[in-house]
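Novice: Got a structure here, written out as structure tokens. Questions coming.
Every read-out reported here was derived from the displayed coordinates using simple, explicitly stated rules and does not represent laboratory data. These numbers come from a predicted model, not from an experiment. Cβ: placed from backbone, ideal geometry, glycine included. Neighbour counts: every protein chain shown.
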């Protein structure tokens, strides 16, 4: 084996590629790469039909159940407050007054609105309270201190 | 064909295959020799080269044109080499010098490795370097790459690469003197 001298430098060795390839290797390589890219592209198909079919079959009844559940849930929902407002709007004022005169029992808290209603003409039978009693109630609740 | 034109053609489905074929023809030798110098064996280099181009094919659409195409391909090739060598060591539960010894033996016995005695000794000396230092040495010494390009490929600073290369040269010269 050749012995290197003490002052040996890498630059003393000529730069040479010692590796070889089979003849025509680089002529064939592009075609072989293209074969592999074509195969890789086929593998990239996200759902193979063989896998997708049972998944679809399993999803169908689940979807049906979900639709039934949503349908039942929506039909059992109580009427929304907006609907109630709309319904009340359809009732005539006379009917409301008749109803309140006959059935309504006013609570003390209802007097809170008396200030707003003072200017309006309200039938005495509707309020079912004397002006003096109403004033006393107002004093008792200190309405100015209550936040609404 | 320029890289920009290749990429434009690759983006169009009707010219995709043709553009990629030209890309492989343009870069196949650089990629192959880069890999071959690292893994030594032709069959391994052949398999890895194809694997690199399959990865290029799959990811070329995501390639950002801010960097050069060939440095991007080099980076893929470099990663493939390092992963291959790392797996090789792990698979056989061999410490680093045993894989180096196996590759060193191939330099003596493989029919597709030529060169005189000094050239073979140089290749064996290279195998004593850690893989990443060997990469740095190959890229600078054989591929005559600029440090800035190497830095982009290896994600290491220019200063560190310069230091690594000079250290590699010193080690190789020492190895050659010893034998």
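Novice: For helix B:117-127, what angle does its Cα long axis make with the longest principal axis of chain B, in degrees from 0 to 90 and rounded to 10?
Specialist: Helix B:117-127 sits at roughly 70 degrees to that axis.
Novice: While we're here: Which whole number gives the average count of other chain Cβ atoms within 10 Å of the Cβ atoms across peptide B:28-38?
Specialist: Partner-chain Cβ atoms within 10 Å, mean over residues of B:28-38: 2.
Novice: Taking every residue in A:29-40, how many Cβ atoms of other protein chains lie within 10 Å of its Cβ, on average?
Specialist: Mean shielding by partner chains, rounded to a whole number: 6.
Novice: Counting alpha carbon pairs within less than 8 Å and at least 6 residues apart, what relative contact order, in whole percent, applies to the range B:40-169?
Specialist: Reported as a whole number, the value is 24 percent.
Novice: Here's a follow-up. Let me confirm one metric for peptide A:7-19, namely the mean number of other chain beta-carbon atoms within 10 Å of its residues' beta-carbons.
Specialist: 6
Novice: While we're on this one: For B:1, A:34, what's the fewest-to-most ordering of other Cβ within 10 Å of each Cβ?
Specialist: In increasing order of surrounding Cβ atoms, one gets B:1, A:34.
Novice: Then there's this: Arrange B:85, A:59 by Cβ neighbour counts within 10 Å, fewest through most, would you?
Specialist: Least crowded to most crowded, the residues run A:59, B:85.
Novice: Let me ask something else about it. Any idea what log10 I(q)/I(0) is at q = 0.09, 0.12 Å⁻¹ for chain B, Debye with uniform C-alpha scatterers and no solvent?
Specialist: Per q value, in the given order, log10 I(q)/I(0) is -0.35, -0.62.
Novice: Angle between the Cα long axis of helix B:42-59 and the longest principal axis of chain B, 0 to 90 degrees, nearest 10?
Specialist: 30 degrees
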